[in-house]
Amino acid sequence: MHILPKIYHRLYQTFGPQNWWPGDSPFEVIVGAVLTQNTSWSNVEKAIENLKNHKALSAHILHEMPAEKLADLIRPAGYFNIKAARLKYFMDFLMNSYSGNIEKMKKNDMKSLREQLLQINGIGPETADSILLYALEKPAFVIDAYTKRVLSEHGIMDYDKSYDEFQELFLSQLKRDVKMFNEYHALFVKVGKSYCKRRKPLCDECPLNDIRTKHNG
DNA sequence: TGCCAGGCCGGGT
DNA sequence: ACCCGGCATGGC
């Protein structure tokens, strides 16, 4: 019996729907996906608020804006110089390939889009899959540090396995469903933040603490 | 106070 | 194909 469907049901029963991504538009989701790289979401919120206050949350505005000014607006998100450059790289791509129109992007197939995204400097596998799933509503399963930590803590897969190996594990055990992939990744973040932090792990109270012995031998 | 957060790149083995 | 230093703010 596969364990990943069981983990999903357990997490969903425990925490309920997470209703991700916290963002008002696909474009905001994409900006947030870049800004949250190795950064807490609370810091990203401040940066996005700055962009909104300056009415700068659009492809055209960000494409025209000098990198130094963009860096200043997103300062609270950390790594502001490199993230400003990365956002500009994405805007170049979006303007040149899709006329700055996310809806046009959505019409393309997931495989092509993933290849295109991974070619952009500053967009790696996790950011690409986050964009595909949460902005473009494609069935890409997002792997992040919490996912790897939770699975490795429960002896399901070694932490140092590659992104693609983790992703393949999910794809081999789950039906490819956008809504479920959306909730599942958000639930990993939820359980990870609550019980699987590096400094203060609360394994005894984790709702998954018996998942392996009970279902997997 | 030091450690960590929803990664990724570029240069070196 | 890995491995590692760098990137930077805000919260606890």
Report summary line: Checked A:I61, A:I30 against criteria (surrounded by fewer than 17 Cβ atoms within 10 Å (Cβ to Cβ) and aliphatic (A, V, I, L, M)); the one match is A:I61
**Report entry** Residue that is surrounded by the most Cβ atoms within 10 Å (Cβ to Cβ) [pool: residues in the range A:117-127 that are part of a helix (DSSP H, G or I) and near DNA strand B (Cβ under 6 Å from one of its atoms)]
**Finding:** A:T127
Query raised in the report: Identify, please: which residue in the range A:198-217 is assigned to a loop (DSSP other than H, G, I, E, B) and away from DNA strand B (no atom under 11 Å from the Cβ) and is, among those, modelled with the lowest pLDDT?
Result: A:G217
Report summary line: Out of (1) outside the structural domain of A:W41 (by TED's automatic domain parsing); (2) in contact (Cβ under 8 Å) with a residue 12 or more places away in the chain; (3) within 15 Å of DNA strand C (Cβ to nearest atom), the one A:M180 does not meet is (3)
Query raised in the report: Name the residues in the range A:57-81 that are more than 14 Å from DNA strand C (Cβ to nearest atom) and either within 22 Å of the chain's Cα centre (by Cα) or farther than 19 Å from A:F93 by Cα (or both), would you?
Result: A:L57, A:S58, A:A59, A:L62, A:K69
Query raised in the report: When you scan the range A:1-88 for helices (runs of 4 or more DSSP H) that lie fully inside it, which ones turn up with 1 or more residues that are within 16 Å of DNA strand B (Cβ to nearest atom) and in the same structural domain as A:I123 (by TED's automatic domain parsing)?
Result: A:26-35, A:41-53, A:67-73
Report task. Could you tell me which residue of the range A:96-113 is nearest to DNA strand C (Cβ to nearest atom), considering only residues that are surrounded by 17 or more Cβ atoms within 10 Å (Cβ to Cβ) and not small (G, A, S)? Result -> A:L113
Query raised in the report: Taking into account only those residues within the range A:33-59 that are in contact with a helix residue (DSSP H, G or I) (Cβ under 6 Å, 6 or more places away or on another chain) and touching a residue at least 60 places away in the same chain (Cβ under 8 Å), which is nearest to A:A84 (Cα to Cα)?
Result: A:V34
Query raised in the report: Is one or more of the residues making up the range A:182-197 more than 9 Å from DNA strand B (Cβ to nearest atom) and surrounded by fewer than 14 Cβ atoms within 10 Å (Cβ to Cβ)?
Result: no
**Report entry** Subset of the range A:124-169 (residues that are under 19 Å from A:I3 (Cβ atoms), away from DNA strand C (no atom under 15 Å from the Cβ) and basic (K, R))
**Finding:** A:R149
Query raised in the report: Within the range A:151-161, is there a residue that is surrounded by 19 or more Cβ atoms within 10 Å (Cβ to Cβ), within 19 Å of the chain's Cα centre (by Cα) and more than 16 Å from DNA strand B (Cβ to nearest atom)?
Result: no
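The values are calculated or read from the model by the stated rules, or taken from the named source; none is laboratory data. Keep in mind that this is a model prediction, so the values were computed, not measured. A quick note on method: Cβ atoms are made from the backbone with ideal geometry, for glycine too, and the neighbour counts reach across all protein chains shown.
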